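The values are calculated or read from the model by the stated rules, or taken from the named source; none is laboratory data. The model shown is predicted, which means the values in this text are computed figures rather than measured ones. So basically every Cβ, Gly included, is an ideal-geometry build from the backbone, and we count neighbours across all protein chains shown. Quick note on the areas: whole protein, heavy atoms, side chains included, nothing else; ligands and nucleic acids left out. Shrake-Rupley method; radii C 1.70, N 1.55, O 1.52, S 1.80 Å.
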Amino acid sequence: MTDRKAPRISSRKQPKQARSNQLVAAILQAAAQVLAVEGAQRFTTARVAERAGVSVGSLYQYFPNKAAILFRLQSDEWQQTTDLLGLILKDVGKPPQERLRALVHAFLRSECEEAQMRVALNDAAPLYRDAPETKKARARGERTLQAFMREILPNTPTAARMRAGDLIGTTLSTVGKQFSETPRTAPEIKAYAQAMSDMFLAYIDSVGRRA
């Protein structure tokens, strides 16, 4: 039995002129709207093109299929989240413990604000989940977190430090997803983030003492 070939998710070409950039922006905005309204199951390039007010042919100049559009929406979300978290974790003017608390607060708030889009994108994840582009996009955030772990656990053996970083990243992502599936108030987000921060810092302190 032949393995099913993964869909191409890379953009056909990158826009270079202002008009092209505006076209791609319109397509992505329309795609987000279609995804939010129709869901992943009814998401099609035809619906996106219609919502954007462009021809399907114009859409295909930049995106070869719907998986490419969905991956672009997902990768843009990852990029924004990674940039935000990187900005917090790399702020060496603040103690590492303070930065970790700020990271948890910002991440949970972002998850709640983007919950509707994230749930829809998660439904579409099988289209691009195992693609090399997806793994590359995720790797950047993991490198940022591991660099921070080297700072907050400088004397911890590499294997133990990487395990701690992986556990914190996985827990934050999993809990953030589940927490944001229910509408949350600002005080709820703050209280939950405070509790998660306490848990992470206690764990880091324990790992550091064992080292």
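Express the accessible area of the stretch 52-211 per residue in Å², computed with a 1.4 Å probe while the remaining protein chains stay in the model.
54 Å²
Relative to the present Cα-Cα distance, how much length would full extension add between LYS190 and ALA202 at 0.36 nm per residue of separation?
2.5 nm
Over the chain, what is the mean sequence separation of C-alpha contacts under 8 Å (at least six apart), divided by residue count, expressed as relative contact order in percent?
About 24 percent, as a whole number.
Quick one: pull the percent of accessible area on the chain belonging to carbon and sulfur, 1.4 Å probe, ligands and nucleic acids left out.
Heavy-atom surface of the chain belonging to carbon and sulfur, 1.4 Å probe: 51 percent.
Would you mind putting 91-98, 147-154, 54-61 in packing order, based on average other-beta-carbon counts within 10 Å, highest first?
147-154, 54-61, 91-98
Output the direction-averaged projected area (hull surface divided by four) of the convex hull of the alpha-carbon atoms of the chain, in nm².
Mean projected area of the Cα convex hull: 14.9 nm².
Per DSSP H run of n ≥ 4, the term is -39500 (n - 2.57); total these for the chain, divide by its residue number, and report the mean residue ellipticity at 222 nm rounded to 500 deg cm²/dmol.
-24500 deg cm²/dmol
Report the residue, chosen from ALA159, ALA115, ALA52, that carries the largest GNM mean-square fluctuation when the chain is represented by alpha-carbon nodes joined by springs under 10 Å.
Among ALA159, ALA115, ALA52, the largest mean-square fluctuation in the Gaussian network model of the chain belongs to ALA159.
Using a basic spin-label model with each label point 7 Å from the Cα along Cα→Cβ, how many nm lie between ALA211 and THR81?
If labels sit at ALA211 and THR81, their model points lie 2.6 nm apart.
Between LEU167 and LYS135, what is 0.36 nm times their sequence separation minus the Cα-Cα distance? Round to one decimal in nm.
Full extension from LEU167 to LYS135 adds 9.7 nm.
What FRET efficiency comes out for the pair ARG19/GLN97, r = Cβ-Cβ distance, R0 = 45 Å, nearest 0.05?
Approximately 0.40, to the nearest 0.05.
Not counting ligands, DNA or RNA, and with a 1.4 Å probe, what is PHE179's accessible surface area in Å² rounded to the nearest 10?
10 Å²
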